[in-house]
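I have placed the structure first, in the form of structure tokens, so that the comments after it can refer back to it.
Derivation of every value follows stated rules applied to the coordinates shown; laboratory data play no part. Treat the numbers as computed from the prediction; the structure is a model and nothing was measured. Here the Cβ positions follow ideal geometry from the backbone for every residue, glycine too, while neighbour counts run over all protein chains shown.
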4 protein chains.
Amino acid sequence: MTSRIDDLTARTRAFIDEHVIPVEDKSDGDIAAAGGEPVRTSLQALARSAGVFAPHAPTAYGGMGLNMVDRAPIFEAAGRSLFGPMALGINAPDEGNLHLLDQVASDAQRARYLAPLADGTVRSAFAMTEPPPGAGSDPSALLTAAVPTGDGWVINGRKKFITGADGAGFLIVMARTSGGATMFLVPADRPGIGLVRHVTTMDKSMLGGHCELSFDAVRVDAADVLGEVDQGFRYAQVRLGPARLTHVMRWLGAAQRAHETAVAYVSGRSAFGSPLARQGMVELMIADNEIDLAATRSLLLTACRVLDAGGPGREETSLAKVFGAEALHRVADRAVQMCGGAGVSADLPVARIAREIRPFRIYDGPSEVHRMSLARRAVRRYGDSCRTPGGQ
Amino acid sequence: MTSRIDDLTARTRAFIDEHVIPVEDKSDGDIAAAGGEPVRTSLQALARSAGVFAPHAPTAYGGMGLNMVDRAPIFEAAGRSLFGPMALGINAPDEGNLHLLDQVASDAQRARYLAPLADGTVRSAFAMTEPPPGAGSDPSALLTAAVPTGDGWVINGRKKFITGADGAGFLIVMARTSGGATMFLVPADRPGIGLVRHVTTMDKSMLGGHCELSFDAVRVDAADVLGEVDQGFRYAQVRLGPARLTHVMRWLGAAQRAHETAVAYVSGRSAFGSPLARQGMVELMIADNEIDLAATRSLLLTACRVLDAGGPGREETSLAKVFGAEALHRVADRAVQMCGGAGVSADLPVARIAREIRPFRIYDGPSEVHRMSLARRAVRRYGDSCRTPGGQ
Amino acid sequence: MTSRIDDLTARTRAFIDEHVIPVEDKSDGDIAAAGGEPVRTSLQALARSAGVFAPHAPTAYGGMGLNMVDRAPIFEAAGRSLFGPMALGINAPDEGNLHLLDQVASDAQRARYLAPLADGTVRSAFAMTEPPPGAGSDPSALLTAAVPTGDGWVINGRKKFITGADGAGFLIVMARTSGGATMFLVPADRPGIGLVRHVTTMDKSMLGGHCELSFDAVRVDAADVLGEVDQGFRYAQVRLGPARLTHVMRWLGAAQRAHETAVAYVSGRSAFGSPLARQGMVELMIADNEIDLAATRSLLLTACRVLDAGGPGREETSLAKVFGAEALHRVADRAVQMCGGAGVSADLPVARIAREIRPFRIYDGPSEVHRMSLARRAVRRYGDSCRTPGGQ
Amino acid sequence: MTSRIDDLTARTRAFIDEHVIPVEDKSDGDIAAAGGEPVRTSLQALARSAGVFAPHAPTAYGGMGLNMVDRAPIFEAAGRSLFGPMALGINAPDEGNLHLLDQVASDAQRARYLAPLADGTVRSAFAMTEPPPGAGSDPSALLTAAVPTGDGWVINGRKKFITGADGAGFLIVMARTSGGATMFLVPADRPGIGLVRHVTTMDKSMLGGHCELSFDAVRVDAADVLGEVDQGFRYAQVRLGPARLTHVMRWLGAAQRAHETAVAYVSGRSAFGSPLARQGMVELMIADNEIDLAATRSLLLTACRVLDAGGPGREETSLAKVFGAEALHRVADRAVQMCGGAGVSADLPVARIAREIRPFRIYDGPSEVHRMSLARRAVRRYGDSCRTPGGQ
């Protein structure tokens, strides 16, 4: 099994190096500048030929059905290029949406939504976040509402930062319902859905952008309720745990590439009479990168094992996400610093990798919210059972 | 005097708010997208009308002749907009070049180069940095060479990261000469100067870009040697001390604006049942910003006082530069984090300010080189005079 | 004036080196192990002879009457030894108490309490902090209460961490009164005052320890109310601003000594084939120490100038305190690291300096409380006046 | 198997709570103040009765023969008390020495040295470090020398920071021999061994102290060469890998206890009108502790798995050591901060835990040396194989 994964990792990496990185480098990692949707189509075709497409999808849908532990090295190899996950069909939000559908969708929904998502025929989006004062860091502030009509539902509201929405075939929309929140599968061409604008963000590699959407009396069929009514927040958790980890896997690949680029850069240069790579302040940055990468990988695999064993892993995924988001940006930032002037330029991939990773400290739950949640768990665990001698 | 400076600061800030920030906001701080050279011309005309133009230039050349301590609040006010320094004619590298000319240039050179630079008729560039293995962090690696001919000099070499070179009226070129290095004043249209390319960098606000230039047998008149032959490294120090401080002043303004934007942002929003601005983790970021801004300002003014008193201030300018470059980027980065999704978008100026400040940890001497120099001074100071009891 | 201060600084430093440091080194900075009260008496006599005693006290009381800016280098020189401030009579809490009395006390109180404090005849303590749930980080939780009787007051309550209480001649006691809080001057031998215990703490250099005290129906004369009834919280602020700064001055001296010790240590040693002092990771620690020391000094002097100009300087003293407490401990910690095994031993003063400075992040307001206060000021300043374009 | 380890962990923790922590608390973690050797004897007897003694020793010698992965939770549970590892016989340096003997010793040496070490009859020391300019961070600077005589060896030299030497039954002495370095088993009562002094250090919990020793013509039998002549540096690596990890395990327990103490402390208190445990800046410290503890545990287990699989794990043990030493001290330092005044006192164990963990950033290889080694490995790995596009 391990050798199968090792082999797939090696082939994935070779595919990324040969086919994907050149496209990224030419466009400085800006998917729109690179050509957008046609780039996805052609790269996915190449990935399919190379036998590296859809490692995450259920085998019934043409994928490889890998568990979380086995995904880790493959996703990391794909993440070495900012366009690598898209090339393999394992980019956010499609990869998380596929997982959610596989857990919750009905047979009809699987045929209509999951199957074309798994084979790359369509892209998807996950419409939960809203402009303030709606759902953001605090999902319970959800304002978009769905009300039942005779034969279905009508959705009204506004969504923001909906990654990949422009060009998506369908959306998973989270809306308030009488007893909580509900998820709906909504074809993107449904009347009443408006693309207000692309939000311009520092990251440029996500196909379909980060969109602001309006929902004006959008009708949804009863059959397109995903799972049960009022269970939306629960399903969001089902989606979030693994989605956080696959984010970490992908960004780990990007940070690892930034690190290797920087080490190679300093290896070939000298200043003040000695090789850069042997100067202590540079060695410190190299070592700190090694430490941050290793600690991220360790926390990631710890969490993967919990999920593979069937656990919810709320705490473990939170730990891997919050540490990874910060550590991997530190890695990329040090890589920039090590490369000096070249590091802030588009001549090397390091500046663009730093730019793309930075928002991960905010996306999928800001570090502050994860920390609040980790702290509250610790207080529940240690707050009562321990005595504090002498502290009065 | 103080009230004159307070008044000028207030008028500068009002000018920036009214005339400059709208131009920056519309273009996300990308000067090329904003329109380039014509934007400079029109903003400088407005600044002249508003009586805020050229606070740094000698009064003999139409400026206000402010010393370093008085420049600090004015440059900070200008720096609130990424285009503000350009609007006032105090952007890098023009401002540092003007200072250098004022210290070193002959009368004829003052008339030909300093005067039009002071009144905004032309822009300039400072051509010192070279592609590896030439002069970079370590200026002594200088490869570009000037050799005397009958009536002047001929320069051959290559330069990189030459800010503002595209469109500059003249360049100050540092070249190796037999006894060290020499600075030359070179009109930009001189034959043999090639614009190899614009280096694409993460920062976008500098008019004229960061250019790679080739010098192929470029002839320079004997009268265009700046100061004395072989004294280039000494003049580079003359330029660098104040140039570092004015960099800090300008970026202080940008970081201060990012901070104020973030504080205003969190003041109006709530999550998890309480105002963001009263949540401890947000208060921590606000306070750390206040601390970083105050410490930068204190170190800056300490160094300004040394320069105004005639000192070289090598150590004080290094301290202000290395601390400021790191602290101000931390401020901008925290501002991004406080603003959440909006923080990584172009809807607010914080992401763009973070992007523009980041290279300052590399430009004008990487943090590592400043630290090496600070450490070696400390070792000279404390290495011999102190006994270490008991340490054997 | 400056040369007078330079001279006094030099003489203070020479005095500390010659007379105080040997006593500290022999006892690893533990004042009880060094001999306690008699050590104070003899060192103060020597300081008086050397003309360096009581630089802070009003000239009317035999001191030098220095303002805050002039105190800074003197107190720093004294702080080089953990026993230095005690030797000069400028240790906490005496120095802050003297300042408070000078601002608030009546003529009779000045004669009875201030005069003997200024000349070192007695020591004093400041009894504000209480065991939980009383006054700690949050002074408004004050539980100790004073109620008026016919001819004075009766105090009941409990105090904790009362520095110097054991052996003090009098206490300044903060107690709740009907309209707020009131300060009382209380001779230490007044019946009802109990020394519950010395709280064992990581710092060992404070004469009289950190005591827990009980007040059981302690009678105070009406004439011993300090200032006006119910104005205790206001006077606490009068005391706190300068007291914070003199803390920073003293710890600056200790951290500076740790730094110099470490630089001297690494200057004389080699490992892996090169001098320690030229290895990049060591240079980084040296440079970061230089930066932290310089930034602390800059923030300190900025705040001193505000106080000398008559300002309350709440924000400036808070900035200097919170930054200084953290930066100076970092300096001492890096000094420990630079000295390796010797650094964690009593052979060098660095470990003991780190141990003594650490509590300063908690004493005189924990960093968290200062940050909360800094953040709230920033929110008041920037929260309303700024618009946040586009952030919705 | 897991349930056996879970059970042993639970029993170990219960034993530590009941029998060991009271002894530690009474003496503020100072083993000399607690009573020294008799405390060891009585606690080890109790541990034997409780069935928790010697989990690491080979079963042939009465131990439990646990591998590294299984040791981790047991050693962590023991480490909750500073005296816990001593009580179980798994303290440094005995535990590492036992491992080394088990790998290298002859049958006669096993009977004479390993057996009494395993059952707690004697203690041992590992004499490698020397005073400058001898072996320290850089072992190759070894100065102590052994020369062959007719029937054995004669050792001359000086050692420093030899933990546990005072009272040890035997020493493992590293000495230079003609072809490198050799390890010798030396009974502690051998003539010529002098106890120069106890080095006073910030940590106080190690029985037998950190000693400076002199070796003046100390004779060693040929049969007491450990392993082969000239293989000392190789054996030092055999010892160091697992020794680093068991250090991390033990300190993990101490840091975990500090964290739990602090969480319990803040859970019961309020300030400024809200519970401390719900204030954001406190939650941040709690969460950062959780992150540091989890990341240390993950890196530790990753390295344990490599060693259990027979790998040398140089890189993995280095990563776990350098990250753990820094992270665990951060945890203890935050615990101090959370507990405020009580945190710097002996009323709670947090200050003493911080004090004991701090030297771990220096002992067993300073962080700087581990980082240098990690960096050089990375340069070997990535320095050649990668191209750096565009960086010239």
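Sequence-ordered 3J(HN,Hα) estimates for the range B:173-179 from the Karplus curve with 6.51, -1.76 and 1.60 and θ = phi - 60° stand at 10, 9, 9, 5, 10, 4, x Hz, glycine and proline given as x. For A:SER270, inter-copy separations between label points set 7 Å beyond Cα along the Cβ vector come to 2.1, 6.5, 6.9 nm, shortest first. Distances between placed amide hydrogens fall under 5 Å for C:MET206 paired with C:ILE31, all partners being 5 or more residues away or on another chain.
Farthest toward the positive end of the dipole of the range C:134-257, out of C:ALA222, C:VAL186, C:TRP153, is the Cα of C:VAL186, where the dipole comes from beta carbon charges about the Cα centre.
From other protein chains only, count the Cβ atoms within 10 Å of every residue's Cβ in B:361-371, then give the mean.
Mean shielding count: 5.
About its Cα centre, the dipole of chain D is roughly 680 debye, where the only charges are +1 on Lys and Arg Cβ and -1 on Asp and Glu Cβ. Scanning residues 5 or more positions from A:VAL196 or on other chains, those with amide H under 5 Å from its amide H are A:GLU212, A:LEU213, A:SER214, with H placed 1.01 Å from N in the peptide plane.
Long hydrophobic helices in chain D, taken as whole DSSP H segments with a C-alpha length of 24 Å or more on their own axis and mean Kyte-Doolittle hydropathy at least 0.0: D:280-308.
Decide, for the protein assembly as shown, between rounded, prolate and oblate: order the square roots of the alpha carbon gyration tensor eigenvalues as a ≥ b ≥ c, take rounded if a/c falls under 1.5, and otherwise choose prolate if a/b is larger than b/c, else oblate.
rounded
Label sites at A:ASP30 and B:GLU228, each approximated as a point 7 angstrom past Cα along Cα to Cβ, lie 5.0 nm apart.
Taken about its Cα centre, the protein assembly as shown carries a charge dipole of roughly 0 debye when the Cβ of each Lys and Arg holds +1 and the Cβ of each Asp and Glu holds -1. The mean count of C-beta atoms from other chains within 10 Å of the C-beta of residues in D:317-326, rounded to a whole number, is 3.
For the range D:254-273, there are no residues whose amide N sits under 13 Å from a probe point set 7 Å from the Cα of B:PHE272 along the beta carbon direction. With both residues required to sit in the protein assembly as shown, DSSP beta bridges show an antiparallel share near 85%.
Relative to the globular-protein estimate of 2.2 N^0.38 Å, the Cα radius of gyration of chain B stands at 1.02. Which of these, B:ALA146, B:ALA378, B:ALA342, has the largest mean-square fluctuation under a Gaussian network model of chain B (Cα springs below 10 Å)? Residue with maximal mean-square fluctuation among B:ALA146, B:ALA378, B:ALA342: B:ALA378. In order along the range D:209-218, phi translates into HN-Hα couplings of x, 10, 9, 9, 10, 10, 10, 10, 6, 7 Hz, rounded to whole numbers, per the Karplus curve 6.51 cos²θ - 1.76 cosθ + 1.60 with θ = phi - 60° and x for Gly and Pro. By DSSP, the beta bridges lying fully in the range C:124-230 are antiparallel in about 85 percent of cases. Averaged over the residues of C:295-302, the number of partner chain Cβ atoms lying within 10 Å of the residue Cβ comes to 6.
Label 7 Å along Cα→Cβ of A:ASP308; the range A:40-74 residues with amide nitrogen under 15 Å? Counting only backbone N, you get A:56, A:65-74. For the rotational copies C and D, the chain C residue with its Cβ nearest the relating axis, together with that separation in Å, is C:ARG355, 4. Normalising the average separation of contacting C-alpha pairs (under 8 angstrom, six or more residues apart) by the number of residues puts the relative contact order of the range B:289-392 at 23 percent.
Over chain B, what is the relative contact order in whole percent, taking alpha-carbon pairs under 8 Å and six or more residues apart? Can you show the working numbers first?
Details: 684 pairs, mean separation 57.8, N = 392.
So the answer I get is 15 percent.
Relative to the other identical copies, B:THR41 shows label-point distances of 4.5, 8.7, 9.7 nm, where the label point lies 7 Å from Cα along the Cβ direction and values run shortest first.
The Cα atoms of the range C:153-282 cover 72, 29, 20 Å along the three principal axes, with the biggest extent listed first.
Other residues lying with their Cβ under 10 Å from the Cβ of D:TRP153 contribute a combined charge of -2, Lys and Arg counting +1, Asp and Glu -1. Summing +1 for each Lys or Arg and -1 for each Asp or Glu among the other residues whose beta-carbon sits under 11 angstrom from that of A:GLY180 gives 0.
Ordering C:ASP216, D:ASP333 from the fewest to the most neighbouring beta carbons within 10 Å gives C:ASP216, D:ASP333. Distances between equivalent label points of B:PRO116 across the copies, with each point positioned 7 Å along Cα→Cβ, amount to 6.3, 8.2, 9.4 nm, shortest listed first.
Counting neighbouring Cβ atoms within 10 Å and putting the fewest first, the residues C:VAL23, A:VAL220, A:VAL186 line up as C:VAL23, A:VAL220, A:VAL186. Answer rounded, prolate or oblate for the range A:192-249, using the Cα gyration tensor with square roots of eigenvalues a ≥ b ≥ c: rounded when a/c is under 1.5, else prolate when a/b is larger than b/c, else oblate. Judged from the Cα gyration tensor, the range A:192-249 comes out oblate (a/c at least 1.5, b/c at or above a/b). Which shape class, rounded, prolate or oblate, goes with the range C:133-200 when its Cα gyration tensor gives a ≥ b ≥ c as root eigenvalues, a/c under 1.5 marks rounded, and past that a/b bigger than b/c marks prolate? The shape class here is oblate. Near the amide H of B:THR163, within less than 5 Å, lie the amide hydrogens of B:PHE126, B:CYS211, all on another chain or at least 5 residues away, with H placed in the peptide plane. Sorting A:SER205, D:SER3 by the number of Cβ atoms found within 10 Å of their own Cβ, with the fewest placed first, yields D:SER3, A:SER205.
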